[in-house]
Amino acid sequence: MAFIHIPKDWQLPERVATPENVYMNRRYFMKAMGLMGAGTLIGATSGCEAAEDFQVAVPKSMPGLYPAKRNATYTVDRALTPEKIAAQYNNFYEFTTDKGRVHKLTDKFEIHPWQIEISGEVNKPGVYDLDDLLKKMPLEERVYRFRCVEAWAMTVPWTGFPFKALIDQVEPKSNAKYVRMVTFNRPEQAPGIKSQSWYPWPYYEGLTMAEATNELTLLATGIYGHAMPKQHGAPIRLVTPWKYGYKSIKSIVKIEFTKRKPGTFWNKLAPDEYDFYANVNPKVPHPRWSQASERLIGSGERVPTHMYNGYGDYVAQLYG
Ligand SMILES: Nc1nc2c(c(=O)[nH]1)N[C@H]1C(S)=C(S)[C@@H](COP(=O)(O)O)O[C@H]1N2
Ligand SMILES: [Mo]
């Protein structure tokens, strides 16, 4: 299927990526559709064929959390991905490997109440209730680029808090060198866990302490100015925008501080294809495809991929 090709001047400047994003997204999407009507466009991606009656199911949240104030430090030179496109194009294998159907299979997934177990090399281990935690964490909105290892990309406003804020609170010991994170494992609530029993559930990921405490690293509980829809990894997921998307583990139930480098779900499945660091790098092809460019979901435009997904100023020193 052909890609929609939207000329550069159709990209919205960062200044319109405001908290009124629902309104702006609709306008952006309609512009794209108008352009398509004029016959300039030759095809559509699956995201553009979304049912018109689709509504994003937004979970209830504690009052006062959303929308959080936008942190203007982090800017992008791309249009926001329309919310409804992002919400119907998900990787969340616990439900299905079919990106367009994840959002249809989350009904039984219970996200409240939610506990996170903190363990390992840390002074304040314990089981933390997410509602309690959120009362203490500084929520803010950040617009980040997001690049999947499969060479599609989106640009979305996350709401969350720096992972560092949580790490400071639980006080890792000096011998903690890595953080290991684990996703929920409830086959009765997530059909993909049961039907795809060959995967090494639960999903697990890891970061070095330097990566986890980097200012870019977010624990996100919201997106597009409201609580996180289940398909995006409610009620809390990681966001590391300079790494391929598989590092951004969803629906986290456990955070463990370790002395040794932890294994990861994808590295275990295919060690030659998915390494621990997974830093976005246009010069290192995936064994089965190029990483030199990426497709923006929504517009379908293909654009060059940047080293560290454009976040080298923040993270290149970690790997020097
Ligand atoms: N638990 C869990 N986390 C996960 C995944 C998954 O299958 N399970 N997929 C990853 C991949 S490959 C990507 S690209 C992103 C997709 O996030 P999104 O659906 O919010 O765009 O989630 C990541 N986190
Ligand atoms: Mo991904």
Considering segment 276-320 alone, what residues qualify as being touching a helix residue (DSSP H, G or I) at 6+ places or on another chain (Cβ under 7 Å) and among the polar types (S, T, N, Q)? Asn279, Asn281, Ser299
Inside segment 288-317, can you point out the residues that are farther than 22 Å from Lys99 by Cα and surrounded by fewer than 18 Cβ atoms within 10 Å (Cβ to Cβ)? Ala292, Pro304, His306, Met307, Gly312, Asp313, Tyr314, Ala316, Gln317
Does Phe95 satisfy the condition of being farther than 23 Å from Pro63 by Cα, more than 14 Å from the chain's Cα centre (by Cα) and within 15 Å of ligand 2 (Cβ to nearest atom)? yes
Mind counting the residues in segment 274-286 that are over 16 Å from the mean Cα position of the chain (by Cα) and within 12 Å of ligand 1 (Cβ to nearest atom)? 1
Would you pick out the residues in segment 255-268 that are farther than 27 Å from Met154 by Cβ, outside any loop (DSSP other than H, G, I, E, B) and not hydroxyl-bearing (Ser, Thr, Tyr)? Glu256, Phe257
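Here is a yes/no grid of residues against (1) within 25 Å of Pro271 (Cβ to Cβ); (2) more than 16 Å from ligand 2 (Cβ to nearest atom); (3) not hydroxyl-bearing (Ser, Thr, Tyr):
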{"site": "Tyr128", "(1), (2), (3)": "no, yes, no"}
{"site": "Phe146", "(1), (2), (3)": "yes, no, yes"}
{"site": "Pro157", "(1), (2), (3)": "no, yes, yes"}
{"site": "Gln169", "(1), (2), (3)": "no, yes, yes"}
{"site": "Ser174", "(1), (2), (3)": "no, yes, no"}
{"site": "Tyr178", "(1), (2), (3)": "yes, yes, no"}
{"site": "Val182", "(1), (2), (3)": "yes, yes, yes"}
{"site": "Pro200", "(1), (2), (3)": "yes, yes, yes"}
It is to be established whether one or more residues within segment 61-80 are of a type outside the set (Gly, Ala, Ser), touching a strand residue (DSSP E or B) at 6+ places or on another chain (Cβ under 9 Å) and either closer than 23 Å to Lys194 by Cβ or within 16 Å of ligand 2 (Cβ to nearest atom) (or both). no
Go through segment 166-199 and count every residue that is outside any helix (DSSP H, G or I) and touching a strand residue (DSSP E or B) at 6+ places or on another chain (Cβ under 6 Å). 8
Residues being within 16 Å of ligand 2 (Cβ to nearest atom) and closer than 23 Å to Ala316 by Cβ - total across segment 254-277: 6
Pairing a residue in segment 198-210 that is closer than 28 Å to Val315 by Cα with any residue that is part of a strand (DSSP E or B) and among the hydrophobic types (A, V, I, L, M, F, W, C), where Cβ atoms lie under 6 Å and the two sit 6 or more apart in sequence or on different chains, gives Tyr204/Val182; Glu205/Met181; Leu207/Val179
Against the definition (in contact (Cβ under 8 Å) with a residue 60 or more places away in the chain and more than 14 Å from ligand 1 (Cβ to nearest atom)), how does Leu130 come out, yes or no? yes
Please verify whether Val127 is of a type in the set (Val, Ile, Thr), surrounded by fewer than 21 Cβ atoms within 10 Å (Cβ to Cβ), more than 17 Å from the chain's Cα centre (by Cα) and at pLDDT 95 or above, treating the condition exactly as stated. yes
Here is a list of conditions, (1) within 16 Å of ligand 2 (Cβ to nearest atom); (2) among the polar types (S, T, N, Q); (3) not in a helix (DSSP H, G or I), and Thr221 meets all of them except one; can you say which number that is? (1)
For segment 232-254, how many residues are outside any strand (DSSP E or B) and either more than 9 Å from ligand 1 (Cβ to nearest atom) or not aromatic (Phe, Trp, Tyr) (or both)? 14
Of (1) touching a Lys or Arg at 6+ places or on another chain (Cβ under 6 Å); (2) β-branched (Val, Ile, Thr); (3) away from ligand 2 (no atom under 16 Å from the Cβ); (4) closer than 19 Å to Asn91 by Cβ, Val280 fails just (3)
With respect to Tyr314, is the statement that it is away from ligand 2 (no atom under 15 Å from the Cβ), more than 16 Å from Val149 (Cβ to Cβ) and outside any loop (DSSP other than H, G, I, E, B) true? yes
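The values are calculated or read from the model by the stated rules, or taken from the named source; none is laboratory data. Keep in mind that what you see is a predicted model, and the values were worked out from it rather than measured. Counting neighbours? That spans all protein chains shown, and the Cβs are built from the backbone with ideal geometry, glycine included.
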